[in-house]
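Visitor: Before anything else, here's the structure in question.
The values are calculated or read from the model by the stated rules, or taken from the named source; none is laboratory data. Just so you know, these numbers come straight off a predicted model, no measurement behind them. Note: ideal-geometry Cβ built from the backbone for every residue, glycine included; neighbour counts use all protein chains shown.
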Amino acid sequence: MSKKVVKIEPEFLVDFLQGVKDPRIDRTKKHELIDILVIAICAVICGAKSWVEIEDFGEAKQEWFSIYLNLENGIPSHDTFRRLFMILDPEKFLEVFIKWVAAVTKNTDLKQICVDGKTLRRSFDKGRKSSAIHMLNAWSTGASLSLGSMISDGKGNEIKTIPKLLDLLDIKGSLVSTDAMGCQKEIAKKIISKEADYLLALKGNQAKLEERVKEKFDSISKSGPKPFLIDEYVEEGDKKHGRFEKRKCRVITKKM
């Protein structure tokens, strides 16, 4: 089955980025704000993971970028990208970025939205005694696109950050999935209030609920075949970290 490709028009992105305020002093500007933002966003979407890689991407695609951008002084240096994003208003940039993504995916079947947190490698600063940056990301499996990201104060605070991120997104009709950290009543209520469905992983952090679910499955299994229990096992194998993992899935299709 072929994936539906989301077509992104460069002019469309430029229009949305007009709403981001330039924090720089006029006399220090060698590159237009729009030029820096568009190149950075395109580079990251294509896999760039550092300021140097963003600069390299801009250099490699300069001819294409020049169709849509002024680039009067060529491609900005990696230091220029770094300095700008250090002083850019992150909340305003996030707001504009999410509005753009929402417009791009407006007519796209978002299907499942995976909410997951990741700690950015080498984002800590020993000199300033600042800890590593932990980001919470909402990823659309249908569009193969990040719908939005938000900084979380460590993995333990994902519970508070997930509802804030969901507030910024249009998730109506989608299936929102999280790991066990997101298995919380308030998060489930938030998803339902936005007219979406949830798929929450359940582990030992919800000990009593986990025990109840296990007991329910065991009791159904012992009592024999039931019309609301899928009897077949769905098996999936995967080799990771030098070992073969085998997973089985049973589904109760009625309310427990």
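Visitor: Six or more apart or on different chains, Cβ atoms under 9 Å: show the pairs whose first residue is in segment 13-33 and acidic (Asp, Glu) and whose second is surrounded by 16 or more Cβ atoms within 10 Å (Cβ to Cβ).
Guide: 15/100; 22/32; 22/33; 22/84; 22/88; 32/69; 32/71
Visitor: What number of residues in segment 111-163 are farther than 17 Å from residue 177 by Cβ, modelled with pLDDT of 75 or more and basic (Lys, Arg)?
Guide: 1
Visitor: A further question follows. Go through (1) surrounded by 12 or more Cβ atoms within 10 Å (Cβ to Cβ); (2) outside any loop (DSSP other than H, G, I, E, B); (3) modelled with pLDDT under 90; (4) out of contact with any Lys or Arg (no Cβ under 9 Å at 6 or more places or on another chain) one by one and return the number of the condition residue 34 breaks.
Guide: (3)
Visitor: May I pose another question? Residues of segment 45-63 being under 16 Å from residue 146 (Cβ atoms), surrounded by fewer than 15 Cβ atoms within 10 Å (Cβ to Cβ) and hydrophobic (A, V, I, L, M, F, W, C), which ones?
Guide: Across segment 45-63, the qualifying residues are 45, 46.
Visitor: Can you say whether residue 48 is part of a loop (DSSP other than H, G, I, E, B), in contact with a helix residue (DSSP H, G or I) (Cβ under 9 Å, 6 or more places away or on another chain) and aliphatic (A, V, I, L, M), as far as the supplied structure shows?
Guide: When the stated conditions are applied, residue 48 passes them.
Visitor: In this structure, does residue 81 turn out to be among the aromatic types (Phe, Trp, Tyr), assigned to a helix (DSSP H, G or I) and crowded, with 20+ Cβ neighbours inside 10 Å?
Guide: yes
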